[in-house]
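Presented below is the structure to which this report refers.
The values are calculated or read from the model by the stated rules, or taken from the named source; none is laboratory data. Keep in mind that this is a model prediction, so the values were computed, not measured. Every residue, glycine among them, receives a Cβ derived from its backbone with ideal geometry; neighbour counts consider all protein chains shown.
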Amino acid sequence: MNTKLAQMQADLLQARGLAEPQKILDIIPYSSFIGAQARVENERVLYWLERRASNIGNPSLPAIHGGVIGGFLELSAAIEILYTLDVGQIPKVVDFSLDYLRPGRYKTIYANCTVLRQGKKLVNVTATAWQDDPQTPIATARCHFLIA
Amino acid sequence: MDLKLAIFKPMLKLAMERNGHGAALGFELTKIGRGEVEMTFPYKEEVIGNPITGVIHGGVIVSLLDTCCGTAAITMLDRPAITPTMDLRLDYMHPAEPHQPIYVSAKVYRNTSNVLFCRGSAWQDDPENPIAHCVATFMKVETPSISLGNVLRRRFNRLIRGDKAFEREADR
């Protein structure tokens, strides 16, 4: 248990040092389940989710499953905390609120996250997802995480 | 039970369990009633969110509750329509115990002309001690594109072309 934790904390430090948030995603099995990826772009972390058949919700449209969009944004928000803040454990999600603005079409989804407030125990993060244009988001989310 | 409902329920069950993300997750719809749906999700290592504790990722709970509430919303429709989610809010009460199945239930508590209001909960050993609770709202959008003919045409297209059919439709 402790060796696993020490290994994860070493991986976190390495990811921050190399500016490779993808290394944090690699720690979490769920990210490869949905196919989430991340890289640093314009000094922010850009998250993206390439289209794949196992993420489809409504096959007759076809549209990306709303739960996948939610899961992707929640995952991105957690990675944003692990990458930008000095946190050594996977943050615990307390609540998650998601507004769907447009259908998620069957193509790549991008996301950006912003840490709005960091307290000793609680962090508030917002995440926005888009496909063609960052100005026309397909969903926005906000969530609270416990970090201690 | 009338004939329409008798055909509709297994079709809905199939549509949810055998397609896309539903099939990838591998849950089972155990009850489909008008405005009330229940499902079961077995533990899966692929969806772990915390590699130290083995607890599954919250995103899975989002998908399960969204599917469960969405299915409950569809059962309330009297005419062909789609029910896109407007918003979904989840409260996580405690982490899911690893290696244990998760039970999910959802209920439509208000049905208006344009909007359906749902609540759902996910639990493991005790429904009174849920791991998460959610409220979700769904829009009623009537659309001719989901007529039976159209659905069958797309199905047939997919049968022949496989996943390429999705890509073609998305690129159009």
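Of note:
- Checking A:I56, A:I24, A:I69 one by one, the residue that is closer than 20 Å to B:A15 by Cα and under 13 Å from the mean Cα position of the chain (by Cα) is A:I69 and no other.
- Counting only strands (runs of 3 or more DSSP E) that sit completely within segment A:18-132, those holding 3 or more residues that are at the interface with chain B (Cβ under 7 Å from one of its Cβ atoms) and touching a strand residue (DSSP E or B) at 6+ places or on another chain (Cβ under 9 Å) correspond to A:92-100.
- Test: residue in segment B:114-131 that is β-branched (V, I, T) and touching a helix residue (DSSP H, G or I) at 6+ places or on another chain (Cβ under 9 Å): yes
- Matching residues, segment B:127-165, being polar (S, T, N, Q) and either in contact with an Asp or Glu (Cβ under 9 Å, 6 or more places away or on another chain) or modelled with pLDDT of 75 or more (or both): B:N129, B:T137, B:N157
- Hey, A:V45 surrounded by fewer than 20 Cβ atoms within 10 Å (Cβ to Cβ) and either of a type in the set (V, I, T) or closer than 22 Å to A:Q135 by Cα (or both) or not: no
- Listed by position, the strands (runs of 3 or more DSSP E) inside segment B:1-85 whose residues that are crowded, with 19+ Cβ neighbours inside 10 Å and without any contact (Cβ under 8 Å) to a residue 40 or more places away in the chain number at least 1 are B:48-50.
- Residue list for segment B:86-102, filter: away from chain A (no Cβ under 11 Å) and either touching a Leu at 6+ places or on another chain (Cβ under 6 Å) or surrounded by fewer than 19 Cβ atoms within 10 Å (Cβ to Cβ) (or both): B:E97, B:P98, B:H99, B:Q100, B:P101
- Any hit, segment A:116-127, residues being hydroxyl-bearing (S, T, Y) and modelled with pLDDT under 95: no
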